[in-house]
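Data block below; observations after.
The values are calculated or read from the model by the stated rules, or taken from the named source; none is laboratory data. Note that the structure is predicted; figures quoted are calculated from it, not measured. Using ideal geometry, Cβ is built from the backbone for each residue, glycine included, and neighbour counts are taken over all protein chains shown. Quick note on the areas: whole protein, heavy atoms, side chains included, nothing else; ligands and nucleic acids left out. Shrake-Rupley method; radii C 1.70, N 1.55, O 1.52, S 1.80 Å.
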Amino acid sequence: MPKLFWKIFLWFWGAMLIVNCAILFSVLSTRSASEQNRFKQFAQSMMSLQARKAAEIFESQSPQALSDYFRDFGRTADMHFSLYRSDGSDVLGALTDGTTRLWISEAAQDEKTHFPRHYGAPLMLQATTGPSGAKYILFSEHASLPFAHFLRGGIGTQILRLLAVALAVALVCLVLAHYIASPILHVQGISRRIASGDLSARVRPRLTSRRDEIADLSKDFNLMAEQIETLLHSQSQLLQAISHEMRSPLARLTLAVGLAKASSAPESDGLLDRIEMEAQRIEQMLSQLLTLARLDRGATSFPRTPVELSLLLSDIVSDASFEASAIKRWVILTHADACMVAGSDALLRSAIENVIRNAIRYTRDSSTVEVSLKLDNALGQGFAVIHVTDEGPGVPAAELSEIFKPFYRVSSARERETGGTGLGLAITHRAVDLYDGTVSARNRTEGGLDVEIRLPVFAVPSHELAPTDGLLSNAREHQSTLNRCAPRSTK
């Protein structure tokens, strides 16, 4: 349960309990004195009559008759009676304890009703004079259990009433806290959906129809969300339109360069090659921009299908190693657990290739880029974890999370030298996030960058793929050859 809900609930509940307790105790304090006076007046008249009656039965009849009278009347009044002489002895022969003798001696001093202070059943003593002139003291107590009077109208009743009030207040406060907190929590949930990429999320109409400040907040929030969705959609459409429109001039430019090469002087070949290379870079950037635009449209552009990740990774490493060997760098696959993930084969290939090509671009000369794929079940859910490590200069710690943003460059001069566009890792981040995965980077203690891609496992094959599988067999053979060619001194 959210903290805000409990804060509101506890504050309201505590405040209402304090108010109700104050009212309850003030009422009890004003009623207790008058009720006690009325009870004492009734007890004095009743005890005086009962004392004279008991003394008269004892002297005029017999002890047995008195015992029968006490039994019958006590059963009706739910009380227990005893009659004592002034010396503290029981007229019916029962033993008398010391405390009772002390109370009897105090009550014998006058003919007022005495109420001894006693924990348990209420006690009353009344002195009277019998027909013979002898002095007797009538002793009475409730015959029920000591705590029974609490449940009938004493402290126990007030405690039960207090608990009932507390429960009723709690129910009212629960409803009130839910009424106040639930709209705020709903707006929070919508904001998180928008932050995660669901730009169509809106606050429900039931909140915007309220007549309070929360309704105004909900309307303003929906207006803000609509503006953000419109701006981002316009931006995506603009990028896509520009990318499409520029492809035709680029195609004509490439054709013109080819024709110029065929008819130009040899000394112009260097300039034409430069023009052709820059045109290819622009073509690559446009292709990446179109991919980003498709990723912004969500999963509908890239449906999920089962992909054997170890096969895909072996193929990618094979191609990357062949390209890297031309500049005296190597790529090796150190480990590959067989696993299946849900995603687009083409998009996952592009995402992983971008990371590996980035590592090849920045690793030092005559060094090796290592790639591994391992299963991780540590968190209770299977993840395929891909690590790509290089031996390059690394990235400043403060910029590790920034390199996955579009067009972000750690060093513009270095990017121009290596031919980077600043879009490859952004595509990787969007693609991995689209399939509920994560991508992160960290600097290695021994130097270089380690990029980790985590993807939820769709299925794990129950057995290793057969070596006769053409694609995997060729990839492993090619990898073995590359491993033998790689310089051992670099690792």
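Ranked by solvent-accessible area (1.4 Å probe, protein heavy atoms only, all chains present), the residues TYR69, TYR136, TYR408, TYR179 order from largest to smallest as TYR179, TYR408, TYR69, TYR136. Calculated accessible area for segment 56-137 comes out at 57 Å² per residue, all protein chains present (probe 1.4 Å; ligands, DNA, RNA ignored). To the nearest 10, the accessible area of ARG430 is 80 Å² with a 1.4 Å probe.
Site pair PHE42 and THR99 shows an inter-label distance of 2.6 nm when each label is modelled 7 Å from Cα along Cα→Cβ. In the complete set of protein chains, residue-level accessible area for LEU102 is approximately 100 Å², probe 1.4 angstrom. Computed extension gain for THR230 through ALA22, at 0.36 nm per residue and net of the alpha carbon distance, reaches 69.2 nm. Rolling a 1.4 Å probe over the protein chains gives ILE332 an accessible area of about 30 Å². The tail of the calculated P(r) for segment 158-199 beyond 16 Å holds 57 percent of all Cα-Cα pairs. When only alpha carbons of segment 312-391 are considered, Rg and Dmax amount to 13.1, 43 Å.
Taking each residue as 0.36 nm, the span from SER325 to ILE180 lengthens on full extension beyond its C-alpha to C-alpha distance by 45.7 nm.
Applying 0.36 nm per residue to the separation of ASP68 and ARG117 and subtracting their alpha-carbon distance, the gain on full extension is 14.8 nm.
Protein-only accessible surface at a 1.4 angstrom probe places the residues TRP6, TRP330 in the order TRP6, TRP330, largest first.
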